[in-house]
Every structure is written in C-alpha cells, then in structure tokens.
1. Against the definition (in contact with a Gly (Cβ under 6 Å, 6 or more places away or on another chain) and not small (Gly, Ala, Ser)), how does Leu140 come out, yes or no?
2. With the requirement that a residue be touching a Ser or Thr at 6+ places or on another chain (Cβ under 9 Å) and open to solvent by 50 Å² or more (accessible area, probe 1.4 Å), what does the range 129-142 give you?
3. Since Gly93 meets every condition but one in (1) among the small types (Gly, Ala, Ser); (2) modelled with pLDDT of 90 or more; (3) closer than 22 Å to Val131 by Cα, which condition does it not meet?
4. Within the range 151-161, does at least one residue satisfy the condition of being charged (D, E, K, R) and touching a Phe, Trp or Tyr at 6+ places or on another chain (Cβ under 8 Å)?
5. Does Ser4 satisfy being small (Gly, Ala, Ser), at pLDDT below 85, open to solvent by 50 Å² or more (accessible area, probe 1.4 Å) and farther than 14 Å from Pro97 by Cα?
6. Restricting the first residue to the range 170-181 and requiring it to be touching a residue at least 24 places away in the same chain (Cβ under 8 Å) and surrounded by 13 or more Cβ atoms within 10 Å (Cβ to Cβ), which pairs with a second residue that is polar (S, T, N, Q) and part of a loop (DSSP other than H, G, I, E, B) meet a Cβ separation below 8 Å and a spacing of at least six or different chains?
7. Could you check Tyr186 against (1) in a strand (DSSP E or B); (2) in contact with a Lys or Arg (Cβ under 6 Å, 6 or more places away or on another chain); (3) open to solvent by 10 Å² or more (accessible area, probe 1.4 Å) and say which number it fails?
8. Hey, Arg164 hits all of (1) of a type outside the set (Phe, Trp, Tyr); (2) more than 20 Å from Val71 (Cβ to Cβ); (3) out of contact with any strand residue (DSSP E or B) (no Cβ under 8 Å at 6 or more places or on another chain) but one; which does it fall short on?
Amino acid sequence: MTKSRADKNIVFPGDKLCVIEEFMPNEGSYEFIDGSVRASIVGEVQYNISNKTVKVKPFKKLNMPKPGSIVLGMVNTTKEDLAFVDLILDSNGRNFPGKFTGVIHVSQAHMKFVKNIEEAIKPSDIIRAKVLTSASPYQLTLKGPNLGVILAFCSICGSELQKRDEETLICPICGNIEKRKVALNYLRAK
C-alpha cells in the first residue's frame, strides 16, 4: 500500500493511494490508467481491509474553489489560446489547502474578442477570476468589470506596472506600455 502524504492520511486530487491489486476504488477515489488508485477529492483516506476497498472521506469545511466563487491567482504559463493559473486565495483572502490549477480559455479572457491569450493576461500577472466548474483544473473566466489583472509587471524591466486606463498599463521606470484585461480595482493607479 502506497501513501503519498504522511500528514494524518490527508490526500488531494490525484494523490496515489495504492495499486488496484491491493484495494479497489470506492467513494472519492478512482482507478488511473497505470493501475494505481488515486484520490478524486480532498479528504481523509480510509482503507477497508475486509472489503479490500479504499475511499476518501471528504472534509466538510475545507476551503475549495466552487462554481461562481471569485478567486485570486497567478498566471503560470500561457499558450496561444490557454492560460494556466495557480489558484492562491478565495475572495475572503483565505488560502486554498494544497495546489489548485485554473485554466482560462481565450474565449473567457475578455469581454471583447482577443485572438491570443497574451492580449489579456501574461505570465506572473496576479488576477481575479470567477470559477466556472467544480473540478480541477478549474475553468475560469475574466468576463466582468471586477475580474481581470489586478497586478502586473513590466515585460521589459520587471517593474510593477501602473494603470493608465481601462486596458492599458504603463511602466513608471522604462515607459513601456502594455495591454491587459485590467480589473476595475487594479492595485496601482497612475
């Protein structure tokens, strides 16, 4: 039996619990393509020796991203039509337990049409987004006036950018001007 965490049997989605030859998946777990049994939710792992099953008992009051909730995250990587976001906090400033990933499709990056995701957000931007789905990777949207980039850094010198107008940020050090999908309450105003 393989446990991926030593902290009181707490597991996160994707954690390996055992192999299928040891225990069959039950609630909160699933068989992965490689024959391992993995957690599908955050919770406490429970092994039933007599039935040869493993389940994950969910935590009731665990702070998790939920559809409709607002989250803060940092853009990790971008591709032409996708951005991957490390989710950091909920709208009340509470950390998420463990690492959760969000994905923004280019169609959800702006209220206006954008051809490339980097017309709206770039790696290292801190964003406020709305959660659309209930499973990781969480689908996110930036459509809404309070959603979008709340803090960004210059692509040339790395300085903190200041808000110039609704879609433009300017670097106070090198004068570089960059376009983003800027939230109404961007942290720095000129």
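The values are calculated or read from the model by the stated rules, or taken from the named source; none is laboratory data. If you're wondering where the values come from, they're calculated on a predicted model, not measured in any experiment. Virtual Cβ from ideal backbone geometry, glycine too; neighbours counted across all protein chains shown. What goes into the accessible areas is simple: the full protein's heavy atoms, side chains included, and nothing from ligands, DNA or RNA. Shrake-Rupley method; radii C 1.70, N 1.55, O 1.52, S 1.80 Å.
1. On the way: in contact with a Gly (Cβ under 6 Å, 6 or more places away or on another chain): yes; not small (Gly, Ala, Ser): yes.
So Leu140 fits the description; yes.
2. Lys130, Leu132, Ala135, Ser136, Pro137, Gln139
3. Unmet condition: (2).
4. Residues of the range 151-161 that are charged (D, E, K, R), as a first pass: 160.
Next cut, touching a Phe, Trp or Tyr at 6+ places or on another chain (Cβ under 8 Å) only: 160.
The answer is yes; a qualifying residue exists.
5. On the way: small (Gly, Ala, Ser): yes; at pLDDT below 85: yes; open to solvent by 50 Å² or more (accessible area, probe 1.4 Å): yes; farther than 14 Å from Pro97 by Cα: yes.
Judged against the criteria, Ser4 is a match.
6. Between residues of the range 170-181 that are touching a residue at least 24 places away in the same chain (Cβ under 8 Å) and surrounded by 13 or more Cβ atoms within 10 Å (Cβ to Cβ) and residues that are polar (S, T, N, Q) and part of a loop (DSSP other than H, G, I, E, B), the close pairs are Glu178/Ser155.
7. Answer for Tyr186: the failing condition is (1).
8. Status for Arg164: all satisfied but (3).
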